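Asker: My structure is below; once you've seen it, I'll send some questions.
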Amino acid sequence: MKVLLIENVQGLGKAGDICEVKDGYGQNFLIAKGKAKLATNEVINRYKAQQKQIAQNKALELAEQKQLAQSLESLEITIAKKVGANNALFGAVTKDEIAHAINEHIKAPIDKKWIILHESIKHTGDFDIEIKLGNGLSANLTLHIIGQ
């Protein structure tokens with residue numbers, strides 16, 4: 001019996017492989033557990049079409065992330081905070097404040113979890129902020145903290 005593996009099966013193959021298995025193993029375990037489907041031409045063609053669609057969606061998402069990274073690289077954000085003595089801020093600048101400021105400048109949603117702060121921002125000045133976008137892409141932007 002030929003089956004198309006939907007999931008990786010240890011000792012048999014990876015998802016997308018077409019394997020020859022015994023009828024009982026294929027019917028009672030692989031197909032019954034949803035790990036494989038009977039390898040007919042229709043099932044194989046449908047699987048290939050799905051994989052092609054997934055690859056196109058990933059390519060489109062990667063292109064959008066690259067465009068977002070380019071727009072973030074040229075961005076300079078200014079945040080005004082209350083200051084005390086020696087230009088020390090009343091409270092640190094949070095990732096949420098930075099994400100909100102970025103979202104005001106560009107109309108793409110930036111999650112605060114993507115922002116990497118290498119140090120706590122507790123005084124006025126210029127800071128380099130790293131934003132991890134996924135798929136190995138990251139962008140650096142300049143953050144200006146000014147006193148009110």
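Asker: Please compute the modelled spin-label separation between Lys33 and Asp111, points set 7 Å along Cα→Cβ, answer in nm with one decimal.
Answerer: Spacing of the two 7 Å Cα→Cβ label points: 3.1 nm.
Asker: Treating the angle as unsigned and between 0 and 90°, give the value, to the nearest 10°, between the Cα long axis of helix 41-73 and the longest Cα principal axis of the chain.
Answerer: For helix 41-73, the angle is close to 10 degrees.
Asker: Please compute the per residue accessible area over the chain with all protein chains in place, 1.4 Å probe, rounded to a whole number of Å².
Answerer: Value returned for the chain: 66 Å² of accessible area per residue.
Asker: Under a plain spin-label model, where a point goes 7 Å from the Cα along Cα-to-Cβ, how far apart in nm are Glu7 and Asn41?
Answerer: Placing both labels 7 Å beyond Cα along the Cβ direction yields 3.1 nm.
Asker: As an exercise, use a Förster radius of 41 Å and the Cβ-Cβ distance of Ile18 and Leu137 to find the FRET efficiency, rounded to the nearest 0.05.
Answerer: It comes to 0.75.
Asker: Going through the cross-link list Lys58/Lys122; Lys82/Lys112; Lys58/Lys81; Lys81/Lys107, which pairs have a Cα-Cα distance over 30 Å in this structure?
Answerer: Lys58/Lys122; Lys58/Lys81
Asker: Further, regarding this structure: Please determine, in degrees from 0 to 90 and to the nearest 10, the orientation of helix 95-105 with respect to the longest principal axis defined by the Cα atoms of the chain, where the helix direction is its Cα long axis.
Answerer: The answer is roughly 90 degrees.
Asker: Oh, and also: Would you report the distance distribution of C-alpha pairs in the chain as whole percents per 10 angstrom bin, up to the bin with the largest distance?
Answerer: 10, 27, 16, 13, 15, 12, 6, 1
Asker: Alpha carbon centre of region 82-102 versus region 1-73: separation in Å?
Answerer: 47
Asker: Using just the helices of the chain, give the 222 nm mean residue ellipticity in deg cm²/dmol: DSSP H runs with n ≥ 4 each add -39,500 (n - 2.57), and the total is spread over all residues, rounded to 500.
Answerer: It lands at -10500 deg cm²/dmol.
The values are calculated or read from the model by the stated rules, or taken from the named source; none is laboratory data. Since the structure is predicted, the reported quantities are computational estimates derived from the model, not experimental observations. Methodologically, a virtual Cβ is constructed for each residue, glycine included, from the backbone with ideal geometry; neighbour enumeration extends over all protein chains shown. Heads up: the accessible areas ignore ligands, DNA and RNA and are worked out on the full protein's heavy atoms, side chains in. Shrake-Rupley method; radii C 1.70, N 1.55, O 1.52, S 1.80 Å.
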